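The values are calculated or read from the model by the stated rules, or taken from the named source; none is laboratory data. In this text the structure is predicted, and so the values were computed from the model without any measurement. As a convention, Cβ positions derive from the backbone with ideal geometry for all residues, glycine included, and neighbour counts pool all protein chains shown.
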């Protein structure tokens, strides 16, 4: 399935129509329809990112993202995990130890973030 097909399928799953989604996004309907028919390669990258964020899709592979979590936060978590798995056991232990230490310091605590 192409990225445009995934987008269209997700738009129709979450919205009543492509037209309704276009109106919510502030994208001309004809532009969106053309992109969905011919492929999204010609669309502005920022527009694709906004569409993916609105639909909770990863803009890299168009897989589904967790609902109610900002896109940037999920991409950051993905980047952290990609680097973490590259480490040997000693490196992983050290990173987890350092994260535990930083989490105890008010200077580094995230504001308004629920613990997982």
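Filtered by the rule that a residue be assigned to a helix (DSSP H, G or I) and within 10 Å of residue 10 (Cα to Cα), region 40-63 gives 52, 55. Considering only residues that are farther than 20 Å from residue 73 by Cα and exposed (fewer than 10 other Cβ atoms within 10 Å of the Cβ), which ones fall in region 85-96? Result: 86, 88, 89, 90. Restricting attention to region 66-85, the residues that are at pLDDT 75 or above and in a loop (DSSP other than H, G, I, E, B) add up to 1. Applying a threshold of 6 Å to beta carbon distances and a minimum spacing of six or more residues, or different chains, the list of pairs starting in region 55-69 at a residue that is farther than 13 Å from residue 1 by Cβ and ending at one that is at pLDDT below 80 and buried (at least 17 other Cβ atoms within 10 Å of the Cβ) reads 56/65; 58/65.
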